[in-house]
1. For residue 64, which sequence-distant residues (separation of 5 or more, or a different chain) have an amide H within less than 5 Å of its own amide H, given hydrogens modelled in the peptide plane?
2. Counting other C-beta atoms within 10 Å, and keeping those with at most 10, which DSSP coil trypsin sites (Lys or Arg not before Pro) do you find in region 39-102?
3. I need the peptides 30-39, 321-330 ranked by packing, meaning the mean over residues of other C-beta atoms within 10 angstrom, with the highest value on top.
4. Quick one: which residues, 5+ away or cross-chain, put their amide H under 5 Å from the amide H of residue 77? H built at 1.01 Å from N.
5. Taking a ≥ b ≥ c as the square roots of the Cα gyration tensor eigenvalues, with a/c under 1.5 meaning rounded and otherwise prolate when a/b beats b/c, else oblate, which class fits the chain?
6. Among residues other than residue 301 whose Cβ falls under 14 Å from its Cβ, what is the net charge (Lys/Arg +1, Asp/Glu -1)?
7. Need the C-alpha centroid separation for region 48-107 versus region 168-217, integer Å.
8. What nm distance separates the two modelled labels at residue 131 and residue 89, each placed 7 Å from Cα along Cα→Cβ?
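Read the figures in this text as sums done on the coordinates, not as results from a lab. All figures in this text were calculated on a predicted structure; none of them were measured in a lab. Cβ placement follows ideal geometry from the backbone for every residue including glycine, while neighbour counts extend to all protein chains displayed.
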Amino acid sequence: MDLDQLNETACAMVAPGKGILAADESTGTIGKRFASIGLENTPDNRRDWREMLFRTEMAMNEHVSGVILYDETIRQSARDGTTLVQLIRNAGAIPGIKVDTGAKALAGAEGETVTEGLDGLRDRLADYYELGARFAKWRAVINIGQNGDDSVPSQYCINVNMHALARYAALCQEANIVPIVEPEVIMDGNHSIERCYEVTEFALKTLYRELFDQGVVLEGTVLKPNMVISGTTADDRAGIEEVADMTVQCLANCVPAAVPGIAFLSGGQSDEEATAHLNAMNASYDLPWPLTFSYGRALQAAPLKAWAGKPENVAAGQAAFNHRARMNGLASLGEWDA
Ligand code: 13P
């Protein structure tokens, strides 16, 4: 394990004004995105879409520090034969890879999941390193019980998911790959922001305990958390300042200062909400870690709509991606203005 290299990579992933493009949708998930524009879910269409993004010069050169890829994509080549990994490197960004195999029903725990993918992970990481990946991602899914059901998430669910995240992280570091640790508290539902705070704190405190127990070196990690936010369908959803204040308070209580940076998921927030929340945190607080983005939907929804799967719309798709990347780059500096 080369700690200096891990720390250097982690710091580059959260460099000022930059964040991460999460383009690691599984084949099933990208199919749902394509269905929204009436596009068939084929390997060529997936390649064309991602090639368009990775060739978007301003976004990629100036605002994207790294790209999270899916297994298919890390092995794919652009139309001219250049590997997609090389396109990312040409833009000065770092290729990364999603290595979990998804959230599966947790035995004996109705409504809860555990993320799988540890079997064979050591060998897969070695393979991905050869293919150019210098960081990885693993996402734990934590649901919040609805309508007063405080039994979800259970201690059992939190324990098994955080244990798996730490096992994944230790294997990544052994392979000189920076682990993004992602405990996602899901935003769907009508729960309050206070309940989201409680559950996020529970998950993060357990996560850092597991990382310590399993010898993970925090300086060689990046945290990818949800924001502390009202449920999507809650009455009286909290405003931007409240989300920023409660997210910062929660992170300050849970995340050691040794962590090189925090890159949020967007989790179903609208594009502008995701930008405004990030900006509010960076504009109002002096924090021990850089706060930036690792957005999937909040970076891709606008370009996908503009592109609509048509070659004649590539320029419009790239313009939309440039815009969202620039807005989020500004938000990561606290310099965005609505
Ligand atoms: P969203 O920003 O769309 O939530 O996706 C980020 C991600 O990588 C989820 O694992």
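1. 19
2. 79
3. 321-330, 30-39
4. 84
5. Note, shape of the chain comes out rounded.
6. Working: positive: 32, 33, 297, 305, 324; negative: 25, 271, 272, 273.
Surrounding charge for residue 301 is +1.
7. If we compute the Cα centre of each part, the gap is 23 Å.
8. Placing both labels 7 Å along Cα→Cβ, they lie 1.5 nm apart.
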